[in-house]
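Everything below concerns the one structure shown next.
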Amino acid sequence: MKTMTQKQQGFTLIELMIVVAIIGILAAIALPAYQDYTARAQATEGLSATSGLRSDIGVYMSENGGATGIENDAAIGAQADALAGRYFAAEGVAVVADGVVNITFNDGAHSGETMALTPTVENSGQISRWVCSGLDAQYLPSACRAAAVE
């Protein structure tokens, strides 16, 4: 007479509980990091979408010797009003005094918040960089963070 032995199949309850605990710990760490990354990407869209407008502001400042009256320039105002993105609507971008570009978000992590892009003008009258403000420092795009934040 033959005796048949059966091999163990599957996992024990303790092994499954350990795997679930590890996955839970990893999710608790990864989810906040992913949310921060997503919020920064949404803010970066505002910076990227305004690149042409920021170039036109530089041209305006070069031709007019500064930003005086830029908020009343029809061409720049029309270009700002026409800009739209996934997280900000048309007419959500405005150019105000001194060439500051305000982007008001209407969707995503920054809904209802405004990010300001301020030009840093050198003695030569050229814009050397744009500084972002208005959002939490951790969400500002790294390309335009103030020197103190970097």
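The values are calculated or read from the model by the stated rules, or taken from the named source; none is laboratory data. Computed from a prediction, not measured in an experiment: that's the story for all the values here. Cβ placement follows ideal geometry from the backbone for every residue including glycine, while neighbour counts extend to all protein chains displayed.
Of all the listed residues (55, 124, 111), the sole one being without any contact (Cβ under 8 Å) to a residue 40 or more places away in the chain and closer than 30 Å to residue 33 by Cα is 111. May I ask you to list the residues in segment 32-65 that are of a type in the set (A, V, I, L, M) and either surrounded by 10 or more Cβ atoms within 10 Å (Cβ to Cβ) or within 18 Å of residue 98 (Cα to Cα) (or both)? Residues satisfying the conditions are 39, 41, 43, 47, 49, 53, 57, 59, 61. In this structure, does residue 68 turn out to be surrounded by fewer than 20 Cβ atoms within 10 Å (Cβ to Cβ) and either basic (Lys, Arg) or more than 18 Å from residue 135 (Cβ to Cβ) (or both)? Yes, satisfied. At least 3 residues being among the aliphatic types (A, V, I, L, M) is the threshold, and among the strands (runs of 3 or more DSSP E) wholly inside segment 39-150 those reaching it are 93-95, 114-121. All conditions but one from (1) at pLDDT 90 or above; (2) surrounded by fewer than 14 Cβ atoms within 10 Å (Cβ to Cβ); (3) farther than 18 Å from residue 38 by Cβ; (4) touching a Ser or Thr at 6+ places or on another chain (Cβ under 9 Å) apply to residue 150; the one that does not is (1).
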